[in-house]
Structure formats: structure tokens, C-alpha cells
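Engineer: If you scroll down you'll find the structure; I have some questions about it.
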Amino acid sequence: MDEELREALRIPYSRLDDINAVLLDPDTRVVNDLLEVVAKYGTPDEINSRARAASQLPALLQRVKETKPEYLDDLTWLEEQRDRAAFISMADYRKKVLGTVSEKIKFNNEFAVTLEISAAQYFPWIIEAAKCAIENGSLMPGRFIKVRKMKEQELDGDLPAIAAAMQIIGASYVETLDTKGTDGSNIHLGGPATITGYFGGVGQPNQYPLKWLDEFLYYYTKYGVKQVLNINPGTVLVGYLLYRLGVDIEFKISVFMGNDNPYAGLWTLIGAKLFSRDDGTSPLIGFNWSNSINNQTMEITAQFRKQLGFEDVVRFEHHITETWKSIVRQPYNRRDELVEIAEHVANISAKHEGGDPEIDQTRPHPSDILDYFRDKQEIIDSGDWENLQLNFMDKFEAVNRTAWALTANGLSIIPAEKLHR
């Protein structure tokens, strides 16, 4: 009886024919509108070629020179510190945590956890963290998430400066595009103050997926920005379609999508498989779970992630800490759970969005997710610049507490790979 029921789930090949009929029909407007936006930037090969050129370190440094030349000294300093091995090596870090016994432990890199920090809003914060890492023998994260207004950081030079810094240190990074439905276009949202209460997609109504596409192609071809945050089912599909066309977009799905169970995970990964390329790759490279999931959710999803051929393609990005205000019930700290699951579920990223709760709550300005939506000048004028930098450094400390806990349990981690060799 069970096998008969299971067989009823089989999807006939004719269903795929029906989908292809829609996608390939020259009169299908939803596809035609997408192709029209892409055509503004050229063919997929031309688009990728422009993006590769724009992402080269000399090109980024030239952008910095044009917008914020004083950052060049910091970037040069960062390169010099990397080249003289000023940052602690992984062997020395493991010895620092475990003593000489570290030399006898076989660390399993198959289950290495990526150290991730969010949100890395401003370039000076990256330099501050680097100085702290050198001074204290701590680790720079291997992945940085940004949730800052794109136009603002383009104008003040932080966009190319951080992109250059990521190449220098050997870390990946993600940008959040401005087209995300918080500009009044979405009638369900009254602004940033209400955004955190809506999980299941922030909302990018009507023509916004095409605006999102246009914005991505602008920053991709001009700055080589390849990885972006994705917060809506429509823009997720746009990302899938763009990748099928041949444009090398990569995206991570946001916590705001609200994927909080294995069935949501299966639906997301089915879509990724359906639009994957012939080499098995997908533009979906990061899957940010809802804060409400437990380890069993990831364990169950990891099984079919592997069956679909995505274990090395789609990273599970899991919040270990969260901002003290405006997003979760506190105290929130999933570090112990991470240590439990990291030994048997591969390709996890340990995301730190806040400091450890016992520290964060004592600050004059505890971390707040709504700070991501504030203008830089308003932050400076209000006197909160130092407070927000302190929040970031608390997150940096939380990253290192996680690195220590994982290492103490004989588990592998992935920091900034060009710094900690």
C-alpha cells in the first residue's frame, strides 16, 4: 500500500513539456518582459565578460580612487598584513584552542562550517575587525553579508572598497539590492518598522521583479557584484531564469522568505533543480533558514539536498545570533545546536547577526535590525556611528566564540581563507 501511494507522487514527463511550452512560447509576456531587460545589457556572454572585468582588483581599486581615495591606504595596509602573514594561521589557532593535542586531531573539512557575519555595512568596520584579529589572534569571517542602500554606498565609495577587501582577504560577500519593496510600493508594509513582522517574502509587487533584475545587472556589470540577497518568490524565479539564460548570477535566499520546515526546503530546492544548468550548478548558493527551525529540519533537508546533487552547491545559512531588537525573542543563541549538527551535516554557514545576548543587551544602543535601513548621514548626525560600530564588533566577537566552540570540539571552520592559512 505504501509503495502504491508513493508511486502516485511520480510527476509525468508531460508536465515538464507543459512548463516548456509556456517558457518557449514567443507570446509569453512574463518571459518577454524579462528578456527585454536583459537585452539592455547585451548577450549573456557580453554581460558576464563586463562583470569579470569590473570585478578585477585593479578595476575596483580605480573605482575607490575615483570615489574615496583615502581608502586606498587601508586596502594597501590590508594587503601588506596578509602578505607578511600577520594574521594567525589555522594551525596556530587550533593550537591556541586545543594545545598540542590539536596536532593529533584529524579535522574533517568535508563538514567545515563557514564563519559568517552580518551586516557589514561600512568599509571602516572591516579594517577595525582586521586590526582586532591581528592584535588578538582571532579569525576574520569567511563570509560577509551587507544590507545597506546600494546607491548610498556607491556614492561614498564603500561598495568598491568592500568588494576589493573581500578579494584581498579571500572571503565571499552578498549585497542587498535597493529594489526590495520597502520604498512604499508594498501596501502591506508601513516601512522598516513593520518589515520584520512579515515572513514569507518582504514583497516586491507588480513590476518589481523586473526592477530587481535591472538593478542586479547594473551592479553586476559595473562592479562585478555577483552574489545578492533574494527575498521574494518572484525574484527567486527571475534569478533561476537569468542563470538558465547564461548570466552567472548567484543569490542567497533571505531569512525573510520564512523557510521554516523541510517541505518549504523541498519546494525551494525543487525549483533550483528544475532550472539548474547541465553541469548541475544553480544560482541558489545560500539558503537562509528561518530563525525558528531546529536541527532536525536541517538534517531532513540535508538528505534530499544531497539526493538532488546540491550538497556542495547550496549552503545552509543558519543564524547563530540575532540582533537584540526587532526580529526575534531574546535571548537567542544557537551555538550549542550548531556544534551538535556540524559534525554530520555538510556545507553550513554560521551567521552572526548580533552579539551574544548577554553582551548585546548591555550596550548603550543594543543591535537593532532596523538600523540596516537608516541613512548613513542620519546615523552620524544622531551620534550612533560609534554605537553601530560597537554592535558590529560584538558580532565579530560572537563569530570568534563560535569558531572557538567548533574548534574545541574538533570541528573544521572556514574563515577568510587568504588570511588564515
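The values are calculated or read from the model by the stated rules, or taken from the named source; none is laboratory data. Note that the coordinates shown come from a computational prediction; the quantities given were computed from them, not determined experimentally. As a convention, Cβ positions derive from the backbone with ideal geometry for all residues, glycine included, and neighbour counts pool all protein chains shown. Accessible surface areas use protein heavy atoms only, side chains included; no ligands, DNA or RNA. Shrake-Rupley method; radii C 1.70, N 1.55, O 1.52, S 1.80 Å.
Engineer: Once every DSSP H run of n ≥ 4 in the chain is given -39500 (n - 2.57) and the sum is divided by its residues, what mean residue ellipticity at 222 nm do you get, rounded to the nearest 500 deg cm²/dmol?
Structural biologist: -15000 deg cm²/dmol
Engineer: What is the set of long-range amide H partners of Val113 at a cut-off below 5 Å, with H atoms built 1.01 Å from backbone N?
Structural biologist: Ser412, Ile413, Ile414
Engineer: Apply the Karplus parameterisation 6.51 cos²θ - 1.76 cosθ + 1.60, with θ equal to phi minus 60°, to every residue of segment 153-170 and state each ³J(HN,Hα) to the nearest whole Hz, in sequence, with x for glycine and proline.
Structural biologist: Result, ordered by residue: 6, 5, 6, 9, x, 5, 4, x, 5, 5, 4, 5, 4, 5, 5, 5, 8, x Hz.
Engineer: Shifting gears a bit: Compute the Rg/Rh shape ratio of the chain: radius of gyration over Kirkwood radius, all on alpha-carbon atoms.
Structural biologist: Dividing the radius of gyration by the Kirkwood radius yields 0.96.
Engineer: What is the sum of charges, Lys and Arg at +1 and Asp and Glu at -1, for the other residues whose Cβ falls under 13 Å from the Cβ of Asp248?
Structural biologist: Net local charge, Asp248 excluded: +1.
Engineer: Determine the percent antiparallel among the DSSP beta bridges restricted to the chain, to the nearest 5.
Structural biologist: So the antiparallel bridges in the chain amount to around 5 percent.
Engineer: Above 13 Å lies some portion of the pair distances; for segment 102-173, what is it as a whole percent of all C-alpha pairs?
Structural biologist: 70 percent
Engineer: Further, regarding this structure: Given contacts defined as C-alpha pairs under 8 Å and at least six residues apart, what's the relative contact order of the chain, whole-number percent?
Structural biologist: 21 percent
Engineer: How much accessible surface area, in Å² rounded to 10, belongs to the heavy atoms of Thr179 with a 1.4 Å probe?
Structural biologist: Spelled out: Thr179, probe radius 1.4 Å, area about 10 Å².
Engineer: If packing is taken as the average count of other Cβ atoms within 10 Å, what order do 131-141, 98-108 fall into, highest mean first?
Structural biologist: Top to bottom by mean Cβ count within 10 Å: 131-141, 98-108.
Engineer: Okay, next question. Provide the net charge surrounding Glu317, with neighbours chosen by a C-beta distance below 10 Å and charges set as Lys +1, Arg +1, Asp -1, Glu -1.
Structural biologist: Taking every Cβ under 10 Å from that of Glu317, the sum is +3.
Engineer: Still on this structure, I have one more. For segment 208-223, what does the Karplus curve 6.51 cos²θ - 1.76 cosθ + 1.60, with θ = phi - 60°, yield as ³J(HN,Hα) per residue in whole Hz, taken in order and with x for Gly and Pro?
Structural biologist: 5, x, 6, 5, 4, 4, 4, 5, 4, 5, 5, 6, 5, 7, 8, 10
Engineer: Excluding ligands, DNA and RNA, what is the solvent-accessible area per residue of the chain at a probe of 1.4 Å, expressed in Å²?
Structural biologist: On a per-residue basis, the chain sits at 45 Å².
Engineer: May I ask you to evaluate 6.51 cos²θ - 1.76 cosθ + 1.60, the Karplus curve with θ = phi - 60°, for each residue of segment 253-270 and list the ³J(HN,Hα) values in order in whole Hz, giving x for glycine and proline?
Structural biologist: 7, 6, 4, 5, 5, x, 6, 10, 7, x, 6, 5, x, 5, 4, 5, 6, 4
Engineer: Continuing with this model, one more query. Could you grab the relative contact order for segment 308-421? Cα pairs under 8 Å, six or more apart, rounded to a whole percent.
Structural biologist: Once normalised by length, the contact order is 28 percent.
Engineer: Given a 10 angstrom Cα cut-off, can you work out which residue in Asp214, Asp260, Asp278 is the most mobile in a GNM of the chain?
Structural biologist: Greatest mean-square fluctuation among the candidates belongs to Asp278.
Engineer: Between Asn333 and residues 5 or more places away or on another chain, which pairs have amide H atoms under 5 Å apart, with H built 1.01 Å from N, and which residues are they?
Structural biologist: none
Engineer: Provide the net charge surrounding Gly239, with neighbours chosen by a C-beta distance below 15 Å and charges set as Lys +1, Arg +1, Asp -1, Glu -1.
Structural biologist: +2
Engineer: Within segment 218-365, what percent of beta bridges assigned by DSSP are antiparallel, to the nearest 5?
Structural biologist: 5 percent
Engineer: Let me ask something else. On the accessible surface of the chain, probed at 1.4 Å, how many percent belong to carbon and sulfur atoms?
Structural biologist: After summing per-atom areas, the C and S share lands at 51 percent.
Engineer: Within segment 87-105, list the residues whose amide N lies under 19 Å from a label point set 7 Å along Cα→Cβ of Glu135.
Structural biologist: Under 19 Å, as judged by backbone N against the label point of Glu135, lie 87-89 of segment 87-105.
Engineer: Once label points are set 7 Å from the Cα along Cα→Cβ at both Val101 and Asn295, what is their separation, rounded to one decimal in nm?
Structural biologist: It is 2.0 nm.
Engineer: At a 1.4 Å probe radius, which order do Ile359, Ile11, Ile117 fall into by accessible area, largest first?
Structural biologist: Ranked list, largest accessible area first: Ile11, Ile359, Ile117.
Engineer: Please give me, ordered by residue number, the GluC sites (Glu not before Pro) of segment 319-421 that lie in loop per DSSP and have at most 10 other Cβ atoms within 10 Å.
Structural biologist: The qualifying sites: there are none.
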